[in-house]
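Undergrad: I'd like to ask some things about the structure below.
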Amino acid sequence: MWPNERLINLFDIELPIIQAPMAGSAFSDMVVAVSEAGGLGSLACALLSVEQARRELETIRRKTSRPINANFFCHQQPRSDPTRETNWKRRLEAYYVQMGLDHNAAVPSANRAPFDEEMCDLVLEFQPEVVSFHFGLPDRNLLARVRRTGAKIISSATSVDEARWLEDQGCDAIVAQSYEAGGHRGMFLTQDVSTQVGTMALVPQVVDAVKVPVIAAGGIADARGIVAAFALGAAAVQIGTAYLHCPEAQISPIYRQALKDVKDNETAITNVFTGRPARGIVNRLMREVGPMTDVAPEFPLAAAALAPLRSESEMAGSADFTPLWSGQAPRLNRELPAAELTRQLAEETLEKLRFIETMASPDVLAQAAALATAGRPLSGWPPVASTGRVGRA
Ligand SMILES: Cc1cc2nc3c(=O)[nH]c(=O)nc-3n(C[C@H](O)[C@H](O)[C@H](O)COP(=O)(O)O)c2cc1C
């Protein structure tokens, strides 16, 4: 039924749609809804304590027996660099003064922890069918323990080199995360954001370079994007920003409103919030301090000094210091419950694929050629109309 069924067969799911793991925004409700609808729901654990992750996984396992994905960051925890941290606080000092906050007060430590033994024990306990990583892969011993659970292991690649590296380490599938993608970039073999690649170029080059199935991620938010991902050789899509509009997304009213208002050219890649490049809606901090800066401490330490500014400004109804992660296709979003969104995306994709198939069938091609010769072109053909829409569904 689908042009490429490698991923749905590998994960034993019905629809080639993965709800992207979204740390801090998507929890058990979203995961259950998407997995029950036939896609793959993903629980991002990067911002959860082990206890919180356990509660979420318990809820998920109670509510669905379908496959799920548990997702972890696997960065190297940086050594504290007091000089850099002092410089960062100095860079932010004017904001502290403006808000009447004490910039000498201790700041909460940043809380994005890499995958470790304790989280690995949780994986052993709950046995998610898919375990995904961001920023490469954890060390060999942890990875071997995960593999022994029988979980399919996937990770994000932002280049062909990263995709090959992940395949060499034994990944079962690869998320090709393009420049358009919202949230943190999974890049791990380079730190150079300027050379990151867009979906149209990244996906087919990754598909050509690896043997495992490729999942396209970045700027995909409707059936046109999913059809295009298949055309580029992907076996599935991973969609993030579009799911943030669902009622299941646990985001603040300020963030929800910003996502409704944002335009295609109002996101940027920035490292000001955490120290690592991530795509979000441009706001005051990004404009005035970034979007990229050398002053921010290494990931995830930059977040600590921002925490007081963020909570103070959010209390005043402002998103000036809040990370508003979003991909580059925010205008394509619709507000639907996650299960409905998943099913609608799948149905609309199949409809467009059927339309293309019909229009490209030998009969229709012959008919179109005959009518064109007679000066009466077949209406609705070719299937890619001048609006850029595929088909007319
Ligand atoms: C709010 C948000 C949080 C994210 N958090 C994570 C995460 O915790 N782990 C991860 O692997 N990817 C994360 N991502 C990246 C997604 O996996 C995916 O690459 C991206 O959402 C795809 O682009 P799109 O948002 O345009 O659909 C996040 C994305 C967003 C928008």
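Residue by residue, here is whether (1) hydrophobic (A, V, I, L, M, F, W, C); (2) within 11 Å of the ligand (Cβ to nearest atom) holds:
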| position | (1), (2) |
| --- | --- |
| Phe230 | yes, no |
| Tyr255 | no, yes |
| Thr270 | no, no |
| Gly275 | no, no |
| Arg284 | no, no |
| Thr293 | no, no |
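Undergrad: Which of the numbered conditions does Arg331 fail, given that it passes all the others? Conditions: (1) open to solvent by 60 Å² or more (accessible area, probe 1.4 Å); (2) in a helix (DSSP H, G or I); (3) farther than 28 Å from Ala278 by Cβ; (4) at pLDDT below 95.
TA: In the conditions (1) open to solvent by 60 Å² or more (accessible area, probe 1.4 Å); (2) in a helix (DSSP H, G or I); (3) farther than 28 Å from Ala278 by Cβ; (4) at pLDDT below 95, Arg331 misses (3) alone.
Undergrad: Okay, moving on. Quickly run through the range 188-221 and pick out the residues that are within 11 Å of the ligand (Cβ to nearest atom) and part of a loop (DSSP other than H, G, I, E, B). Walk me through how you get there before you give the answer.
TA: Within the range 188-221, the first condition is being within 11 Å of the ligand (Cβ to nearest atom), and the residues that meet it are 199, 215-221.
Passing the criteria: Gly218, Gly219, Ile220, Ala221.
Undergrad: I've got another one for you. In the range 153-180, how many residues are within 15 Å of the ligand (Cβ to nearest atom) and of a type outside the set (Gly, Ala, Ser)?
TA: 11
Undergrad: Here is a check on your reading of the model: is Ala23 of a type in the set (A, V, I, L, M, F, W, C), within 18 Å of Cys120 (Cα to Cα) and free of Cβ contacts under 8 Å to residues at least 60 places away in the same chain?
TA: Considered against the rule, which asks whether it is of a type in the set (A, V, I, L, M, F, W, C), within 18 Å of Cys120 (Cα to Cα) and free of Cβ contacts under 8 Å to residues at least 60 places away in the same chain, Ala23 comes out as no.
Undergrad: Also, quick follow-up: Going residue by residue through the range 342-350, is there one that turns out to be aliphatic (A, V, I, L, M) and not in a helix (DSSP H, G or I)?
TA: There is no residue in the range 342-350 that is aliphatic (A, V, I, L, M) and not in a helix (DSSP H, G or I).
Undergrad: Right, something else. Taking the residues in the range 252-277 that are part of a loop (DSSP other than H, G, I, E, B) and out of contact with any strand residue (DSSP E or B) (no Cβ under 8 Å at 6 or more places or on another chain) as candidates, determine which candidate is least open to solvent (accessible area, probe 1.4 Å).
TA: Only one residue fits best here, namely Val272.
Undergrad: Now for a separate question. Counting only residues that are among the aliphatic types (A, V, I, L, M) and within 12 Å of the ligand (Cβ to nearest atom), which one in the range 232-251 is most open to solvent (accessible area, probe 1.4 Å)?
TA: So, considering only residues that are among the aliphatic types (A, V, I, L, M) and within 12 Å of the ligand (Cβ to nearest atom), the one most open to solvent (accessible area, probe 1.4 Å) is Ile251.
Undergrad: While we're looking at this one, here's another question. If we scan the range 313-320, do we find a residue that is open to solvent by less than 50 Å² (accessible area, probe 1.4 Å), within 16 Å of the ligand (Cβ to nearest atom), of a type in the set (A, V, I, L, M, F, W, C) and over 19 Å from Tyr243 (Cα atoms)?
TA: yes
Undergrad: Restricting to the range 33-46, count the residues that are touching a helix residue (DSSP H, G or I) at 6+ places or on another chain (Cβ under 7 Å), within 16 Å of the ligand (Cβ to nearest atom) and either without any contact (Cβ under 8 Å) to a residue 12 or more places away in the chain or in a loop (DSSP other than H, G, I, E, B) (or both).
TA: 2
Undergrad: Inspect the range 47-58 for any residue being outside any loop (DSSP other than H, G, I, E, B), surrounded by fewer than 24 Cβ atoms within 10 Å (Cβ to Cβ), of a type outside the set (Asp, Glu) and within 13 Å of the ligand (Cβ to nearest atom) and give the result as yes or no. Walk me through it before giving the result.
TA: Keep residues of the range 47-58 that are outside any loop (DSSP other than H, G, I, E, B), which gives 50-58.
Filter again for surrounded by fewer than 24 Cβ atoms within 10 Å (Cβ to Cβ), leaving 50-58.
Pick out the ones that are also of a type outside the set (Asp, Glu) and you get 50, 52-55, 57.
With the extra rule that they be within 13 Å of the ligand (Cβ to nearest atom), the set shrinks to 53.
The answer is yes, given that some residue of the range 47-58 is outside any loop (DSSP other than H, G, I, E, B), surrounded by fewer than 24 Cβ atoms within 10 Å (Cβ to Cβ), of a type outside the set (Asp, Glu) and within 13 Å of the ligand (Cβ to nearest atom).
Undergrad: Another question about this same structure. Can you pull out the residues in the range 149-185 that are assigned to a strand (DSSP E or B) and over 17 Å from the mean Cα position of the chain (by Cα)?
TA: First, pick out the residues of the range 149-185 that are assigned to a strand (DSSP E or B): 152-157, 173-177, 183-184.
Of everything in the range 149-185, just one residue is assigned to a strand (DSSP E or B) and over 17 Å from the mean Cα position of the chain (by Cα), namely Lys152.
The values are calculated or read from the model by the stated rules, or taken from the named source; none is laboratory data. Model, not experiment: these values are computed from the prediction. Because the Cβ atoms are built from the backbone with ideal geometry, glycine has one as well, and the counts that use them run over all protein chains shown. Only protein heavy atoms, including side chains, enter the accessible area calculation; ligands, DNA and RNA are left aside. Shrake-Rupley method; radii C 1.70, N 1.55, O 1.52, S 1.80 Å.
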